[in-house]
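Comments concern the structure below.
The values are calculated or read from the model by the stated rules, or taken from the named source; none is laboratory data. This is a predicted model, so every value here is computed, not measured. Every residue, glycine among them, receives a Cβ derived from its backbone with ideal geometry; neighbour counts consider all protein chains shown.
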Amino acid sequence: MLKLQRHLSLILILIFIFIIPFLSQFFQDDLKIEILNIFRIPLKIISNTYYVLRNIPNFKEIVAENKILKQNIENLERELLKSQEARLENERLRNLLAFNASGKTHFIPSMVIGKDLSDLRYTIIIDKGKRDGIRKDMVVVSGNGLVGRVRECGWGIARVLLIVDHDSSISGLVQRTRDEGILVGNGRAGLIMKYLGLDSDVKKGDKVITSGFGAIFKKGILIGEVVSVDMDESNLYLKAVVKPEVDIFRLEEVLVMKP
Amino acid sequence: MFFILAIIIALLESTIFRGIDILPVLVIFRGLRKGPFVGLLTGAGIGLIAEVFSSGPLGIDLILYSITGLFSGILSDRFYYRKDLLSEMIFLFLGLGLFYFLSLIFIGRDIISYRPIIITILFLAVFSPLAFRLIER
């Protein structure tokens, strides 16, 4: 009798567990990230400690690099003054010709405080959320290159879908040849650019940028560099393996682009 | 206490211990030692913790960990499970094999391109029982 009761309980629990994915459509989209928000501070403490400890062996190089970077900043500030003058002159001339000026892009700097628990998914957790102006589908960059887009957004935390995740799909353009294709994530192997024409002249070393098609990624953001070009499985198109510009697996800080 | 430990492990796996899956190992051990019912409940509890720390549709990690815990409990009931090192390595290998196989199916990834997972499974199956024995002492 006890064994039968136990088996029944087991079956009932299993049924309940299997029903949850179907019931999940009735839950708020950002439920998981809002719960994860509770762990924002411990995640931040652990990741900051880890970054500091990871950099201790490279302390001397960091000091030397810091000196060079400070010098570069001074040089760049001089250049910035010159270009500001040129920009002001440009604005005056545009006003004279009554052109519409394009909007400036604002960035929200964020720290990477965690990653996806599963090794089969490629997402990162950043320490900014709705209260900092982050919204779903905002584009995330680092340095020169594209990192991904905001997939889920909580109050003080957000999850970013990386460009190398298998669920990531971006419309791209080969900068030199202007061939268009779709870049899909391929995990640790980078990205694959699909649907390149058979007459395409794409070569190893070509830079790939976002094409601007679709509502999410603006045109001109650098994605990566072509590593190899092959025929695809259907023999109707070429496909290129693209190495991301950004070192996706060693990110510590990112910038979220405000539209 | 056990689930607080699981939360701490999830925090560490999300930040420092990238590529080392300790949570499925915990579920399998619990299932092996306590039977299918406790294995299922432990899997469900840890599955809920994993849900919070991973992306993907709600419920997938819950199912994965629950099935793994249940399977480990059934294995220990059906086959004579002795609490010795070799048995634990074998059962852990089987449990992790099921966990990763189901992960690839549920998340929709190409199984063949994930052959390196065998190395992860072997590594965890060999070293986890040793680590647990050290902790228990």
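Of the residues making up region B:42-82, those that are assigned to a helix (DSSP H, G or I), of a type in the set (A, V, I, L, M) and facing chain A (nearest Cβ under 7 Å) number 6. With respect to the conditions (1) under 21 Å from A:Gln5 (Cα atoms); (2) at the interface with chain A (Cβ under 7 Å from one of its Cβ atoms), B:Lys34 falls short on a single one, namely (2). Exactly one residue out of B:Leu96, B:Leu5 is under 19 Å from B:Pro129 (Cα atoms), part of a helix (DSSP H, G or I), under 11 Å from the mean Cα position of the chain (by Cα) and among the hydrophobic types (A, V, I, L, M, F, W, C): that is B:Leu96. Condition check for B:Met1 on (1) free of Cβ contacts under 8 Å to residues at least 40 places away in the same chain; (2) in contact with a helix residue (DSSP H, G or I) (Cβ under 9 Å, 6 or more places away or on another chain): one failure, at (2).
Being more than 16 Å from A:Ile124 (Cα to Cα), in contact (Cβ under 8 Å) with a residue 12 or more places away in the chain and either among the polar types (S, T, N, Q) or surrounded by fewer than 21 Cβ atoms within 10 Å (Cβ to Cβ) (or both) is a property that holds for A:Gly205.
The number of residues in region A:163-195 being among the hydroxyl-bearing types (Ser, Thr, Tyr) and either crowded, with 22+ Cβ neighbours inside 10 Å or assigned to a loop (DSSP other than H, G, I, E, B) (or both) comes to 2. The residue list A:Val226, A:Val141, A:Val160 contains one member that is closer than 21 Å to A:Ser110 by Cβ, outside any loop (DSSP other than H, G, I, E, B), among the hydrophobic types (A, V, I, L, M, F, W, C) and modelled with pLDDT of 95 or more, which is A:Val160.
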